[in-house]
Amino acid sequence: MKYYVIDSSVVIKWYIPEIFSEKAVNILYQIQQGRFKLMAPELILSEIGNVLWKKTITNEISFDMAKKIIENIIKTNPVKIVSSKDLISSAFTVAHNTKRTVYDSMYLALALKGRTQLISADERLVNSLKGSPFEENICLLQSFNG
C-alpha cells in the first residue's frame, strides 16, 4: 500500500474551511477508498493543537469547536503516527542541509525514510525546497493528484 506523509496544514483543512480545503477533503476520501494511507511524525498532534489554539485566540473558531476537532482527531485519526525518536537524527541532517527548522524537517525525514512525498499546504516550505535534492519528496496540496 502506498503511503504519503501529511502535515498539519492539510489536516486542519479537513475541519476548517480554508483555501484548498476541497483538495484536503479529497485526500481523506481517497484514504477511505483505500487508495493510499497517510503517516506523520507525532509532532503533528502538537502542531494541530497549536493551530487550533491560534484560531481560538483570534476568534476564528470557538474553544468548544477546537476541543471537538481535537477529540475527533484523537478518536478517528486516519494518519499513522510515527515516533519522533525514529526521525530526529535524519531530521537534524535535513534541517542542516536545507536551512529549514527541525520541526519542518521531521516531515521531510519521514518522507525520505518512507520513500514517498510530503503533502503540504505550506507554500513557503514547498517553495524553499525547489531546486534542492528534496524537491521530489514534497508536493503542494493543490498540485497533489494522488
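The values are calculated or read from the model by the stated rules, or taken from the named source; none is laboratory data. Since the model is a prediction, treat every value here as computed from it, not as a measurement. In this analysis, Cβ positions are derived from the backbone assuming ideal geometry, glycine residues included, and neighbour counts consider all displayed protein chains.
Numerical summary
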| quantity | calculated |
| --- | --- |
| Among (1) out of contact with any Asp or Glu (no Cβ under 8 Å at 6 or more places or on another chain); (2) closer than 13 Å to TYR3 by Cα - the single one GLY131 does not satisfy | (2) |
| Residue satisfying condition, being closer than 21 Å to LEU140 by Cα, surrounded by fewer than 18 Cβ atoms within 10 Å (Cβ to Cβ) and not hydroxyl-bearing (Ser, Thr, Tyr), within set LYS54, LYS113, LYS75, LYS67 | LYS113 |
| Listing of helices (runs of 4 or more DSSP H) fully contained in region 77-140 that carry 1 or more residues being within 17 Å of LEU38 (Cα to Cα) | 102-113 |
| Number of positions in region 19-36 that are in contact (Cβ under 8 Å) with a residue 40 or more places away in the chain, under 15 Å from SER120 (Cα atoms) and touching a helix residue (DSSP H, G or I) at 6+ places or on another chain (Cβ under 8 Å) | 5 |
| Matching residues, region 1-48, being at pLDDT 95 or above, among the small types (Gly, Ala, Ser) and more than 25 Å from ALA91 (Cβ to Cβ) | SER21 |
| Residue in region 49-69 that is part of a strand (DSSP E or B) and either under 16 Å from TYR3 (Cβ atoms) or at pLDDT 95 or above (or both) present | no |
| ARG100 vs. criteria surrounded by 14 or more Cβ atoms within 10 Å (Cβ to Cβ), basic (Lys, Arg) and farther than 17 Å from VAL11 by Cα | yes |
| Output for region 17-48, where each listed residue is in a loop (DSSP other than H, G, I, E, B), within 16 Å of SER143 (Cβ to Cβ) and not aromatic (Phe, Trp, Tyr) | ILE19 |
| Residue match in region 98-110 (condition: modelled with pLDDT of 95 or more, in contact with a Lys or Arg (Cβ under 9 Å, 6 or more places away or on another chain) and not hydroxyl-bearing (Ser, Thr, Tyr)) | yes |
| Within region 111-136, tally of residues that are modelled with pLDDT of 95 or more and of a type in the set (S, T, N, Q) | 3 |
